[in-house]
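In what follows, a single structure is set out as C-alpha cells and then discussed.
Each reported figure results from applying straightforward, stated rules to the coordinates on display, with no laboratory input. Note that the coordinates shown come from a computational prediction; the quantities given were computed from them, not determined experimentally. Note: ideal-geometry Cβ built from the backbone for every residue, glycine included; neighbour counts use all protein chains shown.
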Amino acid sequence: MRYIAIQRPAAEEIASNRLMQSAEFELGRRIAEVLCGKSDRLADISPRLDLEKTGDGRVITFVGSSSPQFIVVDLETSGLFCEQSAAETMQCLQKIARFALKYWDNKVPASGEML
C-alpha cells in the first residue's frame, strides 16, 4: 500500500469518536491495523465508514458523503503508520485529522496538535 486517503467526514468521525482515538480501545486498534495494511475490514469498526481499495492505496470514506476534501498520506515517503506501534499510529492519525479539520475550518491548531 503506497498511500491512504481519508475523506473529511470520515476524519471527523475518527477524531470525534472517543473509541477511535486510541489503540487502547478495540476500535482504535482495528483502525491502526487498516492503516498498516494488516486488515481490509473497516465496516466491522463503524457502519458509517467504508474502505475502498484503489490501485496502490486505500481510501476511507464516510458512507453517503460526497465531500471533495481528503487527507492524503504518502506512506512510502512519510514512513507513517507501518513503522510505528498501534498507539503511535493512532496518535499520529489523530493529530493529522485534527490539524486537517482545523485547516479546513480556517482555524489555528493548538500547539499540542502539531506533529
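Values for this structure:
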{"quantity": "A5 aliphatic (A, V, I, L, M), surrounded by fewer than 19 Cβ atoms within 10 Å (Cβ to Cβ) and outside any loop (DSSP other than H, G, I, E, B)", "calculated": "yes"}
{"quantity": "Among the residues listed as S66, S78, S39, the single one being more than 12 Å from the chain's Cα centre (by Cα), polar (S, T, N, Q) and more than 17 Å from I4 (Cα to Cα)", "calculated": "S66"}
{"quantity": "Residues of segment 1-33 that turn out to be farther than 15 Å from P47 by Cβ and free of Cβ contacts under 8 Å to residues at least 12 places away in the same chain, as a count", "calculated": "4"}
{"quantity": "Criterion: out of contact with any helix residue (DSSP H, G or I) (no Cβ under 6 Å at 6 or more places or on another chain) and touching a residue at least 12 places away in the same chain (Cβ under 8 Å) - qualifying residue of G64, G57", "calculated": "G57"}
{"quantity": "Some residue of segment 1-11 being over 23 Å from Y103 (Cβ atoms) and in contact with an Asp or Glu (Cβ under 9 Å, 6 or more places away or on another chain)", "calculated": "yes"}
